[in-house]
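The values are calculated or read from the model by the stated rules, or taken from the named source; none is laboratory data. Note that the structure is predicted; figures quoted are calculated from it, not measured. Every residue, glycine as well, gets a Cβ built from its backbone with ideal geometry; the counts of neighbours run over all protein chains shown. Heads up: the accessible areas ignore ligands, DNA and RNA and are worked out on the full protein's heavy atoms, side chains in. Shrake-Rupley method; radii C 1.70, N 1.55, O 1.52, S 1.80 Å.
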Amino acid sequence: MSPHAELVSRLRAAWLSGKTRPMEYRLAQLEALGRFLDEKKQDILEATAADMRKPPFEVEVSELSICRSELNHTLNNLGAWMKDKHVEKNWATQLDSAFIRKDPYGVVLIIGPWNYPINLLLVPLIGAIAAGNCVVMKPSEITRNVERLVAETLPRYLDEDCFAVVTAGVEETTRLLENKFDYIFFTGSPSVGRIVMTAAAKHLTPVTLELGGKNPCYVSDSCNVQNVARRVAWGRFFNAGQTCVAPDYVLCSVEMQEKLLPALREAITEFYSPNPRESPDFGRIVGDRQFQRVQALLHSGHTAIGGQTDAGERYIAPTVLVEVQQDDPVMQEEIFGPILPILTVASVDDAIAFINARERPLVLYVFSSRKEVVKRVLERTSSGGFCANDTIMHMTIPSLPFGGIGQSGLGRYHGRSSFETFSHQRSALLRGAGRETLNTPRYPPYAPHRLPLLRAATETKRRATCLLL
Ligand code: NAD
């Protein structure tokens, strides 16, 4: 028997009791989560600093503020989201009630990664609570200090009958996944995503997979180079490059590369001083294994900016690589570190062909002051999300669904999309018990002359189109 079977059945019993269903209960749990964020803010800042020297400003922006914004958006809208959605009816059901009820799934498992260990655990949790589920959370074991903080303190704020934190490494998570959950929400790498989906398939459990990949960033010839450099450098070097939506590589013309390099150098110096190692605003790689992997990617192409490393501190300087070839190691995997390769293309169509020849990314970035260039890339490519003339900022809008496509993931969340992800759209038809003569045409013995009446009562007709309008 799986070591967590008892926990899962305890949570399922609580869910079946119906206690998570009332809106007041959900609101109270969400408010309690807000208190956790407020009261444990200092502990969160310390734990993230201890794990990866995350700059406090970055923790405020990318962990606390995003969670707070998601929480407020949910608290502001939950009443409207929970309402039954009444739907159009056919003639046969005109006197009845047909609607979609947003039903909780039951017991949900949320598995989080280490790069934004609070945000990527709590933002899905907000959606799961809002939708009326019980939740098992499994934070990443790599960010040990945050894992300990969450395991020791979060359950004290929430209803322990319905919400639990499990600390587990790979082996124990494998055992945890043997249990039957009603929904699994996973954020992490595509390879582990496959393992999670395989485990879920055994129980036919639906999944959301928020995965990673290589996000292209096309910089057209018509743009404000200084602004582009600052926005790209910010997105790439935030959290020392360990961001799923970071621009992974730049595609631009040879001429643009020549202008972009000095602008990137200037932006990096402006952000992190001439020696980024001394900057309090530049983080570190999370662990030794990850450091070795990212460091090995520095050998691709030619180092134009940065390139310095210190294994003892797990420091890798903000780095820009040029003369990178498509088959270089840095172009074979998600970089997930402070390295920005630039590859040159001849035109926007070349960039589009380059992007379309690869796995579909989590987000695609385009910089251009020409609307037709942005429009062309948007229309001719496919990606989880799209952001023109900036990086990462699309994530700050809770009403934009967030998620990947293909290799970068399956499903979406944030705001209403989170609520919908964690809700089963249960279709309901409430018919009157009488008026039986109206049902007679459909019963055997079948009478062909009744067929037109039956069809008229149940079949959806093509709407008439008016050629004048
Ligand atoms: P990971 O896949 O190694 O680990 C994620 C979680 O899965 C952790 O909790 C870990 O304990 C667990 N896990 C690891 N191996 C497992 C196994 N064999 N069986 C079951 N569970 C296992 O990912 P990571 O290194 O923590 O995070 C980095 C990856 O996550 C990158 O690819 C990044 O792009 C991606 N990511 C995606 C998003 C997104 O929103 N799409 C956000 C952040 C990170």
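Brief remarks follow.
- Single residue of G193, G127, G212, G235 found to be under 30 Å from K375 (Cα atoms), part of a helix (DSSP H, G or I) and within 16 Å of the ligand (Cβ to nearest atom): G235
- Among the residues of the stretch 138-158, those identified as in contact (Cβ under 8 Å) with a residue 40 or more places away in the chain and either farther than 20 Å from K54 by Cβ or among the aliphatic types (A, V, I, L, M) (or both) are I142, V146, L149, L154, Y157, L158.
- Subset tally (residues that are within 25 Å of D84 (Cα to Cα) and among the hydroxyl-bearing types (S, T, Y)) for the stretch 1-28: 3
- For beta carbons closer than 6 Å, sequence separation of 6+ or different chains, a first residue in the stretch 278-298 that is closer than 17 Å to S189 by Cα and a second that is at pLDDT below 95, the qualifying pairs are V286/M52.
- Filtered residue count, the stretch 223-268, keeping only those that are open to solvent by 10 Å² or more (accessible area, probe 1.4 Å) and in contact with a strand residue (DSSP E or B) (Cβ under 6 Å, 6 or more places away or on another chain): 5
- Residues of the stretch 242-283 that turn out to be away from the ligand (no atom under 16 Å from the Cβ), closer than 23 Å to V61 by Cβ and among the β-branched types (V, I, T), as a count: 2
- Annotation: of all residues in the stretch 5-61 being open to solvent by 70 Å² or more (accessible area, probe 1.4 Å) and touching a Gly at 6+ places or on another chain (Cβ under 6 Å), the one that is nearest to D281 (Cα to Cα) is R53.
- Out of I44, I100, I111, sole residue that is away from the ligand (no atom under 16 Å from the Cβ) and closer than 19 Å to S140 by Cα: I44
- Enumeration of residues in the stretch 150-175 that are part of a helix (DSSP H, G or I) and within 23 Å of the chain's Cα centre (by Cα): V150, A151, L154, V170, T173, T174
- The lone exception for S220 - which of (1) assigned by TED's automatic domain parsing to the domain that holds P117; (2) buried (at least 16 other Cβ atoms within 10 Å of the Cβ); (3) touching a residue at least 60 places away in the same chain (Cβ under 8 Å) it fails: (1)
- Selection status of A131, open to solvent by less than 30 Å² (accessible area, probe 1.4 Å), under 20 Å from Q425 (Cα atoms) and touching a strand residue (DSSP E or B) at 6+ places or on another chain (Cβ under 7 Å): yes
- Scanning the stretch 196-209 for residues that are part of a loop (DSSP other than H, G, I, E, B) and within 16 Å of the ligand (Cβ to nearest atom), we see that the one that is most open to solvent (accessible area, probe 1.4 Å) is H203.
- Of all residues in the stretch 74-95, those that are surrounded by 13 or more Cβ atoms within 10 Å (Cβ to Cβ) and assigned to a helix (DSSP H, G or I) total 8.
- Test: residue in the stretch 64-73 that is within 16 Å of the ligand (Cβ to nearest atom), touching a residue at least 24 places away in the same chain (Cβ under 8 Å), surrounded by 22 or more Cβ atoms within 10 Å (Cβ to Cβ) and outside any loop (DSSP other than H, G, I, E, B): yes
- Of F186, F99, all but one fail to be in a strand (DSSP E or B) and within 18 Å of the chain's Cα centre (by Cα); the exception is F186.
- Count of the stretch 306-332 residues, restricted to those that are surrounded by 15 or more Cβ atoms within 10 Å (Cβ to Cβ) and among the charged types (D, E, K, R), is 3.
- Output for the stretch 400-423, where each listed residue is more than 16 Å from the ligand (Cβ to nearest atom) and open to solvent by 80 Å² or more (accessible area, probe 1.4 Å): R416
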